[in-house]
Amino acid sequence: MLLPDTRTEPIEIIDHLTALRMCVVEKDSVAHLDGSWDVPGAYVLLDPPDAAGGYGVYVGKAPAGIRSRLLDHERKRTWLRGLLIRRDVSTGLSSAQAGWLEGDLYQLFHSADRATLHNAVQPRDDTVPSYELRILETFRDPINRVLRLLGYDTGTADDTQVHAPRRTSTFHGITMGQLLEAGLVQPGERLISTNGAWPASAVVLPNAKIDYNGGAYDTPSSAAQAVKNGAAVNGWDFWAVERSTGSERLSSLRTALADSVTRTIATP
């Protein structure tokens, strides 16, 4: 972490494992970003958290340069601070990679209980080749850690929770069995950990249980707890389904099913 001498200067964070460079900048300090940030990347614009921990968020990509894009948002949007994301290597992020990361961040916040997205349209880029996806997916953990450090909770409801502050009741009580019934997850699909500190893989069984290391677990969280030697963990955020088009978090698939149920109920 590169700490500035004054409050007005941005804070830069480097994750050497993923060659990821992130920058935390207040809205009134965007002009202090140096030219190294006029490269392709993605960004998150965060509102101040409310008393209950809820917050508004906008995610975007900047194929022509993050600094230029943030200067434009400084004039046109209301936000408190930004988290800027780029590669700390000579090649940097391509436009397609920045677009994929933008879509992945959208899914992260769309599933988060306390986040309210300001994006009018869901971003997505499916043109990134599969061998590049494996690299991009390693960005999730360090970005999440920085967001939590800033006080922005991206977590979702766990198996044991019945209510959450910002979701409808249809979001809760959804099980792995229902994901299988809806065709969002298939028996035999491989699950991988999204937590770089706890790498693991598991398999979805036909009875909707999760096979990890020879044991069959009833819920994503119980399987994730086995990985972490019994420590409490939200398995819906911990596991992602590995696919040729990129892995998808179980929490994102659960949100997709909840949204589908809500639309069905709302249709006369």
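The values are calculated or read from the model by the stated rules, or taken from the named source; none is laboratory data. Treat the numbers as computed from the prediction; the structure is a model and nothing was measured. Methodologically, a virtual Cβ is constructed for each residue, glycine included, from the backbone with ideal geometry; neighbour enumeration extends over all protein chains shown. Please note that ligands, DNA and RNA were not included when accessible areas were found on the heavy atoms of the full protein model with its side chains. Shrake-Rupley method; radii C 1.70, N 1.55, O 1.52, S 1.80 Å.
Observations on the structure shown:
- Restricting attention to the range 248-268, the residues that are modelled with pLDDT of 90 or more and part of a loop (DSSP other than H, G, I, E, B) add up to 0.
- Residue within the range 147-158 that is touching a residue at least 24 places away in the same chain (Cβ under 8 Å), closer than 25 Å to Ala197 by Cα and outside any loop (DSSP other than H, G, I, E, B) present: yes
- Check on Ser95, farther than 23 Å from Leu253 by Cβ and at pLDDT 90 or above: yes
- Residue within the range 29-42 that is of a type in the set (A, V, I, L, M) and in a strand (DSSP E or B) present: yes
- Among all residues of the range 12-21, there is at least one that is surrounded by fewer than 16 Cβ atoms within 10 Å (Cβ to Cβ), out of contact with any Phe, Trp or Tyr (no Cβ under 6 Å at 6 or more places or on another chain) and among the β-branched types (Val, Ile, Thr).
- Members of the range 98-116 found to be open to solvent by 40 Å² or more (accessible area, probe 1.4 Å) and either under 17 Å from Ile85 (Cβ atoms) or at pLDDT below 90 (or both), listed by number: Gln107
- Scoring Pro199 on the criteria (1) at pLDDT below 95; (2) touching a strand residue (DSSP E or B) at 6+ places or on another chain (Cβ under 9 Å); (3) surrounded by 15 or more Cβ atoms within 10 Å (Cβ to Cβ) leaves a single failure, condition (3).
- Test result for Thr194, open to solvent by less than 50 Å² (accessible area, probe 1.4 Å) and in contact (Cβ under 8 Å) with a residue 40 or more places away in the chain: yes
- Yes/no for Ile135 being under 30 Å from Ile13 (Cα atoms), modelled with pLDDT under 90 and of a type in the set (Val, Ile, Thr): yes
- Restricting the range 221-247 to residues that are open to solvent by 30 Å² or more (accessible area, probe 1.4 Å) and in a helix (DSSP H, G or I), the residue that is nearest to Thr127 (Cα to Cα): Asp237
- Scanning the range 79-123 for residues that are free of Cβ contacts under 8 Å to residues at least 40 places away in the same chain, in a loop (DSSP other than H, G, I, E, B) and under 16 Å from the mean Cα position of the chain (by Cα) yields one hit, Gln122.
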